[in-house]
1. So, of the residues in the range 154-171 that are more than 21 Å from the chain's Cα centre (by Cα), assigned to a loop (DSSP other than H, G, I, E, B) and within 27 Å of GLN111 (Cβ to Cβ), which turns out to be modelled with the highest pLDDT?
2. Would you point out the residue of the range 208-229, among those that are hydrophobic (A, V, I, L, M, F, W, C) and closer than 13 Å to VAL252 by Cα, that is nearest to the chain's Cα centre (by Cα)?
3. Scanning for something in a helix (DSSP H, G or I) and either surrounded by fewer than 11 Cβ atoms within 10 Å (Cβ to Cβ) or among the aromatic types (Phe, Trp, Tyr) (or both), does the range 79-100 turn up at least one residue?
4. Is it the case, given these coordinates, that THR178 is in contact (Cβ under 8 Å) with a residue 24 or more places away in the chain and of a type in the set (Val, Ile, Thr)?
5. Just need a number here: residues in the range 110-146 that are within 25 Å of ILE210 (Cα to Cα) and not small (Gly, Ala, Ser).
6. Checking PRO284 against (1) modelled with pLDDT under 80; (2) of a type outside the set (D, E, K, R); (3) on the phi > 0 side of the Ramachandran plot, which single condition isn't satisfied?
7. Tell me which of these GLY31 doesn't satisfy, since it passes every other one: (1) open to solvent by less than 50 Å² (accessible area, probe 1.4 Å); (2) at pLDDT 90 or above; (3) of a type outside the set (A, V, I, L, M).
8. Residue under question is GLU202, and the condition is that it be part of a helix (DSSP H, G or I) and under 25 Å from the mean Cα position of the chain (by Cα); does it hold?
Amino acid sequence: MPTAGGGSPLPQLPADIPPEPAHLLPAPGHGPEALVTEEAASQEQARALRAELTASPVELIALTDLGTLAVRERLLSEGRDAPLVGELIQATAPELLGVLGEHYPIEAARQEAEAWTNARGGWLKAFDPLLDAVRQTPFRIRAQDMLAVLCAILPEAEEHGLLHSLRDDPVLGPAALTALLHQDLLDEEDLTEAEQLLVMTEAILSAMEISGQQAAVDFLQSLGRQEAQAALSAALNSGHPDHTGLDELRTVANQLQGRRLPRQTAQPGKQRPAPGGRHGKNSPKSNRKRRRS
């Protein structure tokens, strides 16, 4: 007598019942025990696949154009980023630099930038609009990020040359100097006194843009009276191009005038960090809005 997966015998249908009900009974080898066995086999197959993918390099496959499109549509439907090289060809210069910096790996960013610049007659014609986009950005941190993207997508021979050429730029000079220091293309000893003041002011204004005026007040107050007054005086007279930021810093100075600052002396051999880390580089981005004149 047949059994369901080796278990209890299957009931026999009476001879006078139509054959259709037979489909309601499990066929031999497909009873509950068989389902459990199939599930265990499926789990084992999944474990083996995970082990194979994580244990060592595996052979990769190349998708056809249609397959790539299908995978991208699936990623987009799940709310994931799936940049497509060429889709920014109609973007404005600020949009291009912003999206490349936030969503594109470096090689894809260079390919996208190449397509964008070729559509505008090449780098000689497309460079000025991109640099102007950085200049016109009203936020210090975003301008620094966009400048970094522009340097990254330039032809390799021009990447560092751009930053050096901008050292004395009336608008982007402080951002360029900060980038040169961050990338170890300059040492602080290489800066003139005026450039050191610009870098210090850029760090204070960037930190204030991120954390607000109160953070600047707290930091300067921690320095002690003489150091705080010296730092404020130097920053306000640095010639930094962000006049709006300097106005906010004057507000900070006015707030400090109404407070009794402690007298403190810096310990020998130690340098006080600017608010927000060294030149403000590693601080989180801010949504705080203000315009730079």
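The values are calculated or read from the model by the stated rules, or taken from the named source; none is laboratory data. All values derive from a computational prediction rather than experimental measurement. Positions of Cβ are backbone-derived with ideal geometry, glycine not excepted, and every protein chain shown enters the neighbour counts. Each accessible area value is taken on the protein alone, full model and side chains, heavy atoms only, with ligands, DNA and RNA left out. Shrake-Rupley method; radii C 1.70, N 1.55, O 1.52, S 1.80 Å.
1. Among residues in the range 154-171 that are more than 21 Å from the chain's Cα centre (by Cα), assigned to a loop (DSSP other than H, G, I, E, B) and within 27 Å of GLN111 (Cβ to Cβ), the one modelled with the highest pLDDT is LEU166.
2. It comes out as MET208.
3. Scanning the range 79-100 turns up no residue that is in a helix (DSSP H, G or I) and either surrounded by fewer than 11 Cβ atoms within 10 Å (Cβ to Cβ) or among the aromatic types (Phe, Trp, Tyr) (or both).
4. Values: in contact (Cβ under 8 Å) with a residue 24 or more places away in the chain: yes; of a type in the set (Val, Ile, Thr): yes.
Spelling it out, THR178 is indeed in contact (Cβ under 8 Å) with a residue 24 or more places away in the chain and of a type in the set (Val, Ile, Thr).
5. Qualifying residue count for the region: 15.
6. (3)
7. (2)
8. On the way: part of a helix (DSSP H, G or I): yes; under 25 Å from the mean Cα position of the chain (by Cα): yes.
For GLU202, the condition - part of a helix (DSSP H, G or I) and under 25 Å from the mean Cα position of the chain (by Cα) - is met.
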